[in-house]
Amino acid sequence: MTSESAQVRSGSLRISEIFGPTVQGEGALMGRPTVFVRTGGCDYRCQWCDTLYAVLPEYRGDWTSWDTSAVLEEVDRLAGGPILVSLSGGNPALQDLAPLIRGGHARGHTFALETQGSVAPSWLGELDHLTLSPKGPSSGHLTGLAELEACLEAANSAPETVFKVVVLDERDYDYARSLAGNYTEIPIYLQVGNPEPEGDPDPGELMERFRWLTQRVLADGWHRARVLPQLHVLAWGNSRGV
Ligand code: SF4
């Protein structure tokens, strides 16, 4: 047994769902074919969270324990070959995903992870893509600069790193502006907020929000910002597993 396979077999992960391939619907990797591995558990309770089934303790019964090698076998089965694996949650940084990333790299996969940045495991530097998505005032939380700084230190400039901030109102916009002012070298994506994460979203309202945010950015001459909707919500609504 190689040390690699020993590491892969040692981990047990709390998983909410594994699905795909689909295309990434958000942020810098929008449109990229990917398999999602969604972990269970989060240290936040955002007011507009669209994945509460991977957050709240009452859904724990739906989460399953997966050996790391079983996760990789499922990714291989779904994708049929090397693919971008999107590690999401919940907050995927709460669990030790280093064996999964190492084992997946050995199989030819690449890894992207999105986290709010509240915890900073050392293995963030083993990722290929890191999206730090700190939460602004409308979420009911505020991710601090010190927490983000710890994540950036852990990543050590190894993965391609971007910020993604969900913007529902002026307070979130100001938060994103302030963040961008502190990190002028890191690309920042502004994501149109979805105030109705349950039920059927109204595409017309979401595009109205997109137009507001776009106009807000342009009026400020903030030409470094990138404004994006949630592509998968426009295409499939709030459906899971797409
Ligand atoms: S950090 Fe993300 S997963 Fe956790 S509650 Fe907030 S939106 Fe949901």
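The numbers here are math on the coordinates, done by the rules we state, and not lab data. All of these numbers come straight from a predicted model, not from anything done at the bench. Note that each Cβ is placed from the backbone with ideal geometry, even for glycine, and that neighbours are counted across all protein chains shown.
Here are some notes:
- Gained length - residue 208 relative to residue 156, 0.36 nm times residue gap less alpha-carbon distance: 14.9 nm
- Phi angles across the stretch 46-62 convert, under the Karplus curve 6.51 cos²θ - 1.76 cosθ + 1.60 with θ = phi - 60°, into 3J(HN,Hα) values of 5, 5, 10, 4, 9, 10, 4, 5, 10, 10, 7, x, 5, 9, 3, x, 8 Hz, Gly and Pro given as x.
- Neighbour-limited loop hits for trypsin sites (Lys or Arg not before Pro), the stretch 162-242 (at most 15 other Cβ within 10 Å; DSSP other than H, G, I, E, B): 224, 240
- For the stretch 196-242, GluC sites (Glu not before Pro) meeting the loop criterion (DSSP other than H, G, I, E, B) and having at most 12 other Cβ atoms within 10 Å: 198.
- Counted by neighbouring Cβ atoms within 10 Å, the residues 55, 242 run from fewest to most as 242, 55.
- In sequence order, calculated HN-Hα J values of the stretch 188-201 (Karplus, 6.51, -1.76, 1.60; Hz; x Gly/Pro): 10, 10, 9, 10, 4, x, 10, x, 10, x, 9, x, 9, x
- The chain: Rg to Rh, with Rh as the Kirkwood radius over Cα pairs: 0.96
- Across the stretch 3-236, the mean sequence separation of Cα contacts (distance under 8 Å, 6 or more residues apart), normalised by length, yields a relative contact order of 18 percent.
- Here's the picture: charge each Lys and Arg Cβ at +1 and each Asp and Glu Cβ at -1 in the stretch 141-225, and of 183, 201, 213 the one pushed furthest to the positive end of that dipole is 183.
- Proxy reagent accessibility, fewest Cβ within 10 Å first, across 163, 210, 19: 19, 210, 163
- Note on the chain: helix-only mean residue ellipticity at 222 nm, from DSSP H runs of 4+ residues weighted -39500 (n - 2.57) and normalised by residue number, equals -9500 deg cm²/dmol.
- At R0 = 45 Å, FRET efficiency that the Cβ-Cβ distance of residue 65 and residue 142 yields, to 0.05: 0.85
- Looking at the stretch 37-106, the trypsin sites (Lys or Arg not before Pro) that sit in a DSSP loop and have at most 12 other Cβ atoms within 10 Å of their own Cβ are 45.
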